[in-house]
Amino acid sequence: MNARPKKSFGQHFLHDGRYIDRIVSAIRPRAEDFVVEIGPGEGALTLPLLAAARRLTAIELDTDLIPGLQARAASAGELHIVHADVLKVDFTAMAHSHGVSRLRIAGNLPYYISSPILFHCVEHAAAIQDMHFMLQKEVVDRMAAEPGSKTYGRLSVMLQLACRVEPLFEVPPEAFRPPPKVDSAVVRLLPLAPEELHDARPEHVYSVVKAAFGQRRKTLSNALAQLLDADAIRRADVDPRARAETLAPADFVRLAKVYGDR
Ligand code: SAM
């Protein structure tokens, strides 16, 4: 316990029991759930999650933390530790290989790769029941932002096209050892049901959203000039004079379909 936290692994260990309790209550793990924790660290969330779910799979990149975690969990339940970079873990294959339809994923995420982890999880959303993550508050604000707000951008659109985003509560720096330089927040992500998902090609949505927000101050006809001309933008029922930040996620889907049909 109390190893020196490693900056390079984004290690900020939760030590305030009140926030640990709030996170575990928000997750409400049950014995029949297949819970996966990203970055268990020293086990602040792992042990209470394990106590409720009885079994848990934890993905940890830092080898040095694994023996301590294993020892602390020995009497708490069935802990399976995967020593890996979470970005290389195939959640869909994990669900299949354990014969479960959907995983419940949780974690106090390493902030240096929070966006890549979110995008990775979204790719496997069909195999995920829900996600509860601790992130920088600023990232949670961007994830949940609505069109027209300053923080609305690529992350908001890409996540909202795949999940319902529910910010839950904020967590101050003092709740961690060492305290991070930023405020944190816990967010719940609920993958949309198959019938709620859009039917555009993901790579087309990605290209259109990336280009549109790449130059967010420009009008869409300028920002999307390499992909779609003004007539094509109009065919998607979008005003070419509008800016990306005013468009709803569904508008990007229509633009992506026109782009796919070109
Ligand atoms: N869950 C613990 C807690 O709340 O005290 C630790 C949270 S700490 C913010 C992030 C954890 O993610 C660390 O244990 C770190 O070693 C681990 N980590 C960092 N990069 C990772 C990666 N690419 N894949 C898996 N785990 C990673």
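The values are calculated or read from the model by the stated rules, or taken from the named source; none is laboratory data. What you are looking at is a predicted structure, and each value in this text was computed from that prediction instead of being measured. We place every Cβ from the backbone using ideal geometry, glycine too, and count neighbours over all the protein chains shown.
Candidates Glu196, Glu166, Glu203, Glu123: the one that is surrounded by fewer than 21 Cβ atoms within 10 Å (Cβ to Cβ), over 21 Å from Glu42 (Cα atoms) and within 16 Å of the ligand (Cβ to nearest atom) is Glu123.
Close Cβ contacts (under 6 Å, 6 or more residues apart or on different chains) running from residues in the range 103-119 that are under 18 Å from Leu56 (Cβ atoms) and in the same structural domain as Leu135 (by TED's automatic domain parsing) to residues that are among the small types (Gly, Ala, Ser) and near the ligand (Cβ under 9 Å from one of its atoms) comprise Gly107/Gly39. Looking only at residues of the range 19-39 that are farther than 17 Å from Pro180 by Cα and free of Cβ contacts under 8 Å to residues at least 40 places away in the same chain, we find that the one that is nearest to the ligand (Cβ to nearest atom) is Val24.
Return the residues of the range 102-119 that are more than 10 Å from the ligand (Cβ to nearest atom) and either closer than 13 Å to Asp90 by Cβ or under 11 Å from the mean Cα position of the chain (by Cα) (or both); say none if nothing qualifies. Those that are more than 10 Å from the ligand (Cβ to nearest atom) and either closer than 13 Å to Asp90 by Cβ or under 11 Å from the mean Cα position of the chain (by Cα) (or both): Leu103, Ile105, Ser115, Leu118, Phe119.
Of all the criteria given as (1) in contact with a helix residue (DSSP H, G or I) (Cβ under 9 Å, 6 or more places away or on another chain); (2) more than 11 Å from the ligand (Cβ to nearest atom), the one not satisfied by Glu42 is (2). Taken residue by residue, the range 20-41 has no member that is crowded, with 16+ Cβ neighbours inside 10 Å and either basic (Lys, Arg) or not assigned by TED's automatic domain parsing to the domain that holds Glu123 (or both).
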